[in-house]
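Okay, structure first, notes after.
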Amino acid sequence: MDKKSAGLSDAFKARTAPKSFTKNPINGTKFTIAISSAKGGVGKSTFAMNFALALKSLNYKVGILDADIYGPSLPKMMNINKKPKSEDGKSLIPIEQYGIQCMSIGFLVEEETPMIWRGPMVTSAIKTFTQKVLWKDLDYIVIDMPPGTGDTQLTFAQEIKLDGVIIVSTPQEIALMDVKRGIKMFDKLKVPIFGLVDNMSFFETNEGQSYDIFGKDGVEKLANEFQKRFLGKIPLNIDLRVAADKGEPLVKKNPEHKISKIFIDIGKKVEKILS
Ligand SMILES: Nc1ncnc2c1ncn2[C@@H]1O[C@H](COP(=O)(O)OP(=O)(O)OP(=O)(O)O)[C@@H](O)[C@H]1O
Ligand SMILES: [Mg+2]
């Protein structure tokens, strides 16, 4: 390694070295579960909304915090067009939709406004959402993470009491490469990984023919390789996509749908892990 890259490597190590931070729980919540994946567009937000509704169907009080400051999905996926209220000008009251307490930066800015923010502003927004939102009596808060292994992930991993992370990925090689980075980051930061979910796992025609569009069993193999739990496969499904686009997640719209049952099953697995 030349001098320059050795210097860069040292700077990198210093940046990622675990420091001792105080991990604060999110007020008003019991368990905090982050939905993550270093890769973009693999279905984290779709999973987060449906998983939250699955936990609700198991009779828990649930909240969702959209931690994707640059690309919030919650307002659209949960069909919320209101701004949160504040009684004292300092704290925010989450907006309740489908029985779930919700918060997103998307409630505070216009839909097409780009968030042109540097890292420290993102960290500060995350702190506001975790410290100044009046979450009420929640059993679970589900955090919808942005893609990557950046400021948001670090803030959550180091400064917030995360009970566990669920890693979502498609079985595609290019996604799995990023997911490995994500797993290593959470392991390094000592955040428990509850398990991995294989999203867009396969596509099944009405005639029952199955196609492995993004490859087969990639996520399950990765889970085995890293000795993590494999939580399940969610197929590529048009009803799931349409429901997300219409702002009524499938688990809410049709809890009896076979895809909804997969989310509920994963909810039961997580319930068991935490019990
Ligand atoms: N199993 C699935 N079947 C069909 N469509 C899906 C499935 N999972 C996700 N999608 C669709 O794929 C797109 C990306 O999903 P989503 O926004 O949940 O990904 P993401 O990982 O949160 O993306 P980002 O990294 O940008 O936050 C959306 O249009 C969503 O409706
Ligand atoms: Mg997302």
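Read the figures in this text as sums done on the coordinates, not as results from a lab. The model shown is predicted, which means the values in this text are computed figures rather than measured ones. We place every Cβ from the backbone using ideal geometry, glycine too, and count neighbours over all the protein chains shown.
For this structure, a couple of remarks:
- Footprinting exposure proxy ranking of Trp135, Trp117, fewest other C-beta atoms within 10 angstrom first, gives Trp117, Trp135.
- Of Leu74, Leu250, Leu58, the one that fluctuates the most in a GNM where the chain has Cα springs shorter than 10 Å: Leu58
- For Asp163, Asp265, order by how many other beta-carbon atoms lie within 10 Å, fewest first: Asp265, Asp163
- Here the sum of -39500 (n - 2.57) over DSSP H runs of 4 or more residues, divided by the residues of the chain, equals -12000 deg cm²/dmol at 222 nm, to the nearest 500.
- DSSP beta bridges in the chain [antiparallel fraction, %, rounded to 5]: 15
- Seen from Ile266, the other residues with C-beta closer than 13 Å to its C-beta sum to a net charge of +3, counting Lys and Arg as +1 and Asp and Glu as -1.
- The chain: relative contact order as a whole-number percent, Cα under 8 Å and 6+ apart: 25
- Taking 0.36 nm per residue of separation and subtracting the current Cα-Cα distance, fully stretching the chain between Ile259 and Gln227 would add 8.9 nm.
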